[in-house]
Structures are given as structure tokens and as C-alpha cells.
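One structure is given below, encoded as C-alpha cells.
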Amino acid sequence: MATHIPPTATDNPTSPQAPPQAETQETQDLPSAPSPPSPSHQITHSTTPTPPSSFHAIQALLAPFNTLFNTLVSSLRHPLITHIDLTLPVHDSPLPYPIYTFHAAPLAFARGAAAFPAATPAALQRALQKLDLCDVSVHMMRGHAQRVLDGVGARVSWVVVCGVPRFLVRYGFEEAGLSFHSVCLVSTAGGEEFVADFTLEQFGYPQDRWFMRWDEYRDGMCEDEGKVADQEWVDFTEKLSQGENLYVLRQALNEACKCVGDEVFRGLEEGEREGYVKKCALKAVEVWDVDE
């Protein structure tokens, strides 16, 4: 059942007139996701209790990468969306989730909110901006994140999970479906585990959940235990990320990540670093995403 979302739509998550408000949806209300095949290498989980201070310390080190990624994807050019349709699941739906279909004008692009109809909620904008970018986010930022975490003896791994979405988004020319989802797993020297998910909004989750304790993320937002990506998986996704449509993002992301921990960054007060990182991201956009 497809329903066109009118310009005056509210944020009621269950109404066919409006997108769901991901920030108010509780994890226990999520539907179950089908289980697609998984790459090899089972993760072994630590049972070491996590001191509260460790969570915030690791989160603070990775927060600049989350900031610059959000700045980049909201500043790069995207297809100009003319309207959005919502399809609600019925009893025999193969995918038991609301599906938002974004229809784009041919060969038309815009940046940020200007790429969407005026009343499109920010959560839906972020969902489409980050659609299918999980692999490239991990591929491009994992090394930079490891550089920052080396100082505290933590390790970053590329982990693939089967996520449980709140809703799905797609372009009008694509089929909706579940797929593998890539995240960064951070393991500390003391056996603590955290997850950094830079693209979770594409599944309807609020942005403030980008960094979580691994066991909470795994149990509340995943269908499976997660697998460490083997070299075959890394090579395959790296090849996909070489496509022309991701070239600008890859180049801008790699350039912007260099500012995290550089001399200027280290010389700033903690409260000033977010602005510096955003400035670096916007500069990278100016260099690599020039309007034609």
C-alpha cells in the first residue's frame, strides 16, 4: 500500500501521512529482521565490566569523525527529491517495515535540506543522505580512527552485522531490501567493546545512538552476533566503493579526516574542535564537489 506524503505531514511514526519519528521509538518495539548470509570470523565477546569513564573517553576521541561525516553527507550534492511515498507493510509483506520511496528529478541536484521537499523531517533527510554508505564510512575512516585510538591502546575492527531497521528508504528506481551493515568495533586493552555506527540513520535510528556499548547495540539493533569482515569482504566492498558515484565522498572524507589530531586540532580547546572539524569538512567539499 503506497501513500504519498503531503507537504504538511506530521511526525507520527505509525501514520501513513508522515514518516516515523525515530527519536521516540523504543528498541523493544522493533520488528524482527530476516537473516541474510554473513561473512566468516565469529566475534568473541568480552565479559569484562565497562567502567563508565571508558565509554565517554572513547566516544570523545571518535566524535570528530562522526561530526565531519555528518557535515560531509549533508553538504555534498544529492539528487533533487520531488516527492516521497510511504508504503506500509501488510500481513504478507516480505519486508515487515515501512518503506519510504524517494522520487528524484532527472539530472537535478541540490545540497542539504534544499534537496528535499520543504516539510521533509530531518530524520528522513539523514536517512537518505546516508543510504548505502556504511561500507565506505568504515573503509575510509577506520585507519584514521585507529591512528587516534593508538594513544589509548584501543583497536578498531571492521564488523558486519544484520541490522533490524525501524524503516527502510530507497530511491524510486531501486528495490527495497535488507543487506549487510558495516560498523566499527572498538576493543580496548582492558577488554571493553564499543561500536561506532556512522550511518545508522538510514535504518531510522536517531543520530545520538551512533556510539554505543557493543552488547547493547548487538542485542537491541541487530539480528545476529556480528562477524569480523574477512579480507575477501574488505576487498569486495573496497571495489564497490571505487565507483564514480562515491569518488567525491571518498576523496573529501579522506582529506577531512586528516585534520583530526593535527597540530591545529591539538592546539584548540575541546569546545573549539567541533567547529574546526566542520570547517575542514566544508573545505573538502569545496575542493572535491564543485558545482558544474
Item checked: Subset of the stretch 144-194 (residues that are closer than 15 Å to ASP132 by Cβ, outside any strand (DSSP E or B) and aliphatic (A, V, I, L, M)) -> ALA176, LEU178
Check: Within the stretch 60-83, how many residues turn out to be surrounded by 14 or more Cβ atoms within 10 Å (Cβ to Cβ), closer than 20 Å to PRO206 by Cα and over 16 Å from the mean Cα position of the chain (by Cα)?
Finding: 0
Notebook entry, point to check: Do you know which of the residues in the stretch 215-244 that are surrounded by 18 or more Cβ atoms within 10 Å (Cβ to Cβ) and basic (Lys, Arg) is modelled with the lowest pLDDT?
Noted result: LYS227
Next item on the list: Identify the residue in the stretch 98-120 that is within 20 Å of the chain's Cα centre (by Cα) and in a strand (DSSP E or B) and, among all such residues, is surrounded by the fewest Cβ atoms within 10 Å (Cβ to Cβ).
Entry: ARG111
Margin query: Can you confirm whether ARG218 is of a type in the set (Lys, Arg) and farther than 29 Å from ALA104 by Cβ?
Written below: yes
Item checked: Unique match (being under 19 Å from the mean Cα position of the chain (by Cα) and either over 21 Å from GLY151 (Cα atoms) or exposed (fewer than 15 other Cβ atoms within 10 Å of the Cβ) (or both)) among TYR276, TYR247 -> TYR247
Item checked: Residues satisfying the stated conditions in the stretch 53-83, i.e. in a helix (DSSP H, G or I), touching a strand residue (DSSP E or B) at 6+ places or on another chain (Cβ under 8 Å) and of a type in the set (Val, Ile, Thr) -> ILE58
Next item on the list: Tell me which of these LEU149 doesn't satisfy, since it passes every other one: (1) modelled with pLDDT under 95; (2) of a type in the set (A, V, I, L, M, F, W, C); (3) surrounded by 14 or more Cβ atoms within 10 Å (Cβ to Cβ).
Entry: (1)
Checklist line | Tabulated pairs, the stretch 170-190, first over 21 Å from VAL136 (Cβ atoms), second in a loop (DSSP other than H, G, I, E, B) and not polar (S, T, N, Q), C-beta under 6 angstrom, 6+ apart or interchain | finding: THR188/ALA154; ALA189/GLY153
Next item on the list: Note down all Cβ pairs under 7 Å where the first residue falls in the stretch 278-290 and is within 14 Å of THR67 (Cβ to Cβ) and in a loop (DSSP other than H, G, I, E, B), the second is at pLDDT 95 or above and β-branched (Val, Ile, Thr), and they're at least six residues apart or on different chains.
Entry: none
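The values are calculated or read from the model by the stated rules, or taken from the named source; none is laboratory data. Keep in mind it's a predicted model, so treat the numbers as computed, not measured. Note: ideal-geometry Cβ built from the backbone for every residue, glycine included; neighbour counts use all protein chains shown.
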